[in-house]
1. Specify the inter-centroid distance of the range A:191-208 and the range B:248-303, based on alpha-carbon positions, in whole Å.
2. If R₀ is 30 angstrom, what is the calculated FRET efficiency for the pair residue B:300 and residue A:116, using the beta carbon separation as r and rounding to 0.05?
3. Given a Förster distance of 41 angstrom, what is the FRET efficiency for residue B:245 paired with residue A:187, based on the Cβ-Cβ distance and rounded to 0.05?
4. Under a 5 Å amide H to amide H cut-off, with H placed in plane at 1.01 Å, what residues pair with residue B:67 once short-range neighbours are removed?
5. Using the Kyte-Doolittle scale, which helices in chain B average at least -0.5 and also have C-alpha atoms spread 20 Å or more along the helix axis, with helices defined as whole DSSP H runs?
6. Residue separation times 0.36 nm, minus the C-alpha to C-alpha distance between residue B:221 and residue B:97: what's the value?
7. Run the simple label-point estimate for residue B:158 and residue A:15 please: 7 Å along Cα→C-beta, distance reported in nm.
8. Using the Cα centre of the protein assembly as shown as the reference point, and only Cβ charges (+1 on K/R, -1 on D/E), how large is the resulting charge dipole? Debye, rounded to the nearest 20.
Amino acid sequence: MTAANDSALGLDAVKSPGGRILKFVLYTLLLLVFAGPLLALLVSAFNNVSDPTALSVVPSSPTLDNFGIAFDLGVGMYLLNSFLVVGFGLLLQVVVSVLAGYALARKKFRFMTFVLVAILATLMLPEEILAIPLSLILSDLPVVHLNLIGSLAGMIVPLGAWAFSILVMTEFMKDVPRELEEAARIDGAGDLRIFAQIILPMCKPALGVIGVFGFTMIWDQYLLPLLVSTDASTYTLPLALRTLRIDTNVTPGVIMAASLLALLPSVAAFLFFQRSFVRGLASGALKG
Amino acid sequence: MTVDHAKPAAVGADRPATERAPAPKARRRSDRDGKWWTPWLFLAPALILFVYFKFIPMITAVTMSFQDVQPYLGNQWVGGQNYGTVLGDEAFHSAIWHTVIIAVGQTVGSMVIGLALALLMEGQSKRLKFLRSAAFLPVVVPIAVVAELWRIMYHPTEDGMLNSILGLVGLGPSGFINDPDTSMVSVIVTGIWRGAPYDMMIFLAGLAGIDRGLYEAATVDGASRWRKILHVTLPGLRSVFSILFVLAAIRGLRVFTEVFLLTNGGPNGSTEVAMTLIYKLGLEQNRLGVGAAGAVLLFLATLVLTLFVQVLRRRRDA
């Protein structure tokens, strides 16, 4: 098979000088459009600019001052809040999802289809639409009567109900061979041991997918933290960016420094776990 | 349903020959498999959280949409009045119109550019892998950062970043998000910047599934690059198109954060969308019932759209 038929356009096989120049120009343009703004963000974060309106593309006077000012404005605390929310939120989400996945994939019981359909149905329910009633419920949880508004817990606990992760775990756990489980059962292992020692260790790829997806989803969240936080002490970093901007003394350099801190964790998660990420994206979307 | 029930039995009947007698085994398994409530124990955390944070909010949204919600005074049942308000309200009409424009603009723009990106960057070389990762970065940048970054890039004076680029080709300066004439386009462009690389990744997954032999055959038949795309690639991506369409359209209908941060509906309400209006009604003006009615209508629109595309797909597959 020739390289020309290895892809739809077969651009890898284009070797003529004119073709090479055209490819170079195209790819540079693509890079400029999609990565260029992020490069400007990076440069501006480390650059001292007096102009309050513009971003820097060339580092004319390199400095770390922007980060210093950002931390003076409380970015350290916002970052800590973000990490607390993503840490506990992801932990809760993963634990809840693997437990539910085990029951749905390995057990047969009455109303199973009903439970599965009910969970799946929430995939079609955008969280934005539930935002207002959700905030009312968080202010007075039925039965237990707790008020989670104004606390990080109010941003963390709702993250546990995440259908995508349950779906991924259920699909994956179904494929673990029955024989392994039965052998363990004959040896007298109970459900908890089978779950923890047989099934879970086989699910590392799926755990990678729900881990990296959950992380970027939680880190990107905006509306839920916006509804739950009542004052700056519970702002996550993405929320705080807007309040930084309102202060007119804050230069774009400072906002970009805070933005850089806000984007690094999710970009790093993507770059380190790229394979899990792409796999989850493709499977999640193509199953749709 | 009956077929599903018959299957495990049939499998079970095959097996015991290699192991032990069927009857005792069946009983042993049901003993050992734990009590009837074992699965419910594993499901309990999920069920509690789903009830609290998905199902109760949903029921609340529906009941609230039929009520005049008054904290501390008790809610009044008002029937369809909130829906009447929403459907008759000028502000809602334009918000729905803006939402549809943004949804269509971002969906079409992201899909066209995403497909172009995927076609241009499909391949195995190291360089292409690097290019794909770089182009994908906007997707994993938090939406709040995207909005702040583009706000600065859209600065309306001549030395704003995009205006100085426009200046190079003799255009501008444009007011971008600060001008009611260009604010919608600006919001859509920002959405496409983040949406196109996402679509690209899904298209790439679809492209990888196309039989290379078909390209080979097309080449042998002397088909041009353009005809290969038209007759082999695009038909092979059909299911990807419909999935992306649903995903992007839902994403478009629920658009909130980027509008909230870029323009907050302004200038002059020129970018007010359904969700920013619902947010304002619900949380700033405390008209929770009307906001809930708007949210329920938005949900119904999403549902109808999803089902419509599903039916369309079924019919085509059948």
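Since every read-out is calculated from the coordinates, none of them should be taken as a lab result. Because the structure is predicted, anything quoted here is derived from the model rather than measured. Quick reminder, even Gly has a Cβ in these numbers, built from the backbone with ideal geometry, and neighbours come from all protein chains shown.
1. 41
2. 0.80
3. 0.20
4. B:78
5. B:90-121, B:126-140, B:183-208, B:238-253, B:288-317
6. 39.8 nm is the gain from fully extending residue B:221 to residue B:97.
7. For residue B:158 paired with residue A:15, the spin-label model returns 5.1 nm.
8. 2600
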